[in-house]
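Participant: I have a structure I would like to understand better, so I am pasting it below and will then ask my questions one at a time.
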Amino acid sequence: MTAHPATEAAIRVRGLEKSYGKVEVLCGVDFDVARGSIFALLGSNGAGKTTVVRILSTLLKADAGTASVNGFDVATQAADVRESISLTGQFAAVDEILSGRENLVLVARLRHLENPHAVADDLLGRFSLTDAGTRRVSTYSGGMRRRLDIAMSLIGNSPVIFLDEPTTGLDPEARVEVWETVKQLAGDGTTVLLTTQYLNEAEQLADRIAILHQGRIIANGTLTELKQLLPPATVEYVEKQPTLEEVFLAIVGGSHKRSDNGAAKSGDTSDATGTSN
Ligand SMILES: Nc1ncnc2c1ncn2[C@@H]1O[C@H](COP(=O)(O)OP(=O)(O)OP(=O)(O)O)[C@@H](O)[C@H]1O
Ligand SMILES: [Mg+2]
């Protein structure tokens, strides 16, 4: 792999088209993702988010258009693209028969890392899976599998990470843990493209948000820019009610030990004012 100038976009997509049979899913998708930023792709079920991720990660060929990842063309330089990325698919890709730790060690070996066991233990700790690390994944809850899946995608420090609905099925605490990890990654210079159905997830995390609708990106901007697409706000007196998520986290966050064996991090979700930031 050759080095690429930091100014070049980490992901560049132009005129991407894809049909499945007669169903046109993408009909000219364009966007850029700056290096070290978090980009959220929003869209309803069936909008084509996973299709975009599969094309960018070289699992699927586009019918037309171009895309590059880390400076490499997904169609003609697929091997270089694969070296540059890691992917957490929409459905957990963990091996049920192995333990969480064994899954991590396996991936670290596949990525030719020097000390796979140390890498595994570090990630188990970061994802509150140390206690469950030696158990078979078949005994894990959905949230634990998801955390393990994301942990596996972090092995090898790829410059670009794709997360397809990383927090679907996670409880609010686990979701906040994933958000923190994603922010940390971007802070360390990793480029993150995530898809999500949770609008607040995009609000919390993303530097830029794009909305995929009927095969095209119909809006793309920072949260502030997207908010300006609506008419100016009128000032009204409204009693601010906490969201259900804030109530849940306030009640459960303070005293609760994760019932799935993850270590409870006291204090990190106990703020009764909620999870903002
Ligand atoms: N292999 C396939 N063969 C035929 N149609 C497909 C195939 N994969 C996806 N589709 C169709 O393409 C459209 C887009 O699917 P895609 O999985 O990209 O959407 P998505 O935005 O990820 O949806 P979700 O939010 O449900 O994950 C859907 O209508 C889907 O039925
Ligand atoms: Mg999808």
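Every number here is computed from the coordinates shown, using simple stated rules; none is lab data. As the structure is a computational prediction, the values presented were derived from the model and not from experiment. Cβ coordinates were reconstructed from backbone atoms using ideal geometry, including for glycine residues, and neighbour counts include every protein chain displayed.
Participant: Quick one: which of LYS49/LYS240; LYS22/LYS61; LYS183/LYS240; LYS22/LYS227 span more than 25 angstrom between C-alpha atoms?
Facilitator: Flagged as over cut-off: LYS49/LYS240; LYS183/LYS240; LYS22/LYS227.
Participant: For segment 204-220, in order, what is each residue's ³J(HN,Hα) by Karplus, 6.51 cos²θ - 1.76 cosθ + 1.60 with θ = phi - 60°, in whole Hz (x at glycine and Pro)?
Facilitator: Rounded to whole hertz, the list is 5, 9, 7, 6, 9, 10, 10, 10, 9, 8, 6, x, 9, 7, 9, 8, 7.
Participant: Another question about this same structure. Treating the beta-carbon of each Lys and Arg as +1 and of each Asp and Glu as -1, no other charges, what is the dipole magnitude of segment 22-101 about its Cα centre, to the nearest 20 debye?
Facilitator: Dipole size: approximately 140 debye.
Participant: Calculate, in whole percent, how much of the Cα-Cα pair population of segment 14-66 lies beyond 13 Å.
Facilitator: Numbers: 831 of 1378 pairs.
Summing the P(r) of segment 14-66 above 13 Å gives 60 percent of all pairs.
Participant: What number, in percent, do you get for the relative contact order of segment 72-120 if the mean sequence gap of Cα pairs under 8 Å and at least 6 apart is divided by its residue count? Present the calculation step by step, with values, prior to reporting the outcome.
Facilitator: Details: 21 pairs, mean separation 10.7, N = 49.
Across segment 72-120, relative contact order equals 22 percent.
Participant: OK, next. Can you list the residues, at least 5 places off or on another chain, whose amide H is less than 5 Å from the amide H of ILE217, using H built in the peptide plane?
Facilitator: Under 5 Å from the amide H of ILE217: ASP30.
Participant: Sticking with this one: With the calculation restricted to Cα positions, what are the radius of gyration and Dmax of segment 11-255 in angstrom?
Facilitator: That works out to 19.1, 60 Å for Rg and Dmax.
Participant: Quick one: Karplus J couplings for segment 179-194, per residue in order, coefficients 6.51, -1.76, 1.60, θ = phi - 60°, nearest Hz, x for Gly and Pro?
Facilitator: Here the 3J(HN,Hα) series is 4, 4, 5, 5, 4, 4, 4, 5, x, 7, x, 6, 8, 10, 10, 10 Hz.
Participant: Mind putting a number on the dipole of the chain about its Cα centre? Charges go on the C-beta only, +1 for Lys and Arg and -1 for Asp and Glu, and I need it in Debye to the nearest 20.
Facilitator: My answer is approximately 540 debye.
Participant: Moving on. Would you mind checking which residues have amide H under 5 Å from ARG35's amide H? H placed 1.01 Å from N; only 5 or more apart, or other chain.
Facilitator: Sorted by chain and number, the residues that satisfy this are ALA10.
Participant: Of all DSSP beta bridges located in the chain, what percent are antiparallel, nearest 5? Working shown, then result.
Facilitator: Numbers: 21 of 39 bridges.
So the antiparallel bridges in the chain amount to around 55 percent.
Participant: Suppose a student asked you for the relative contact order of the chain, using Cα pairs under 8 Å spaced at least 6 residues apart; what percent would you report?
Facilitator: 22 percent
Participant: How many angstrom separate the Cα center of segment 102-173 from the Cα center of segment 25-95?
Facilitator: Each part's Cα centre sits 21 Å from the other's.
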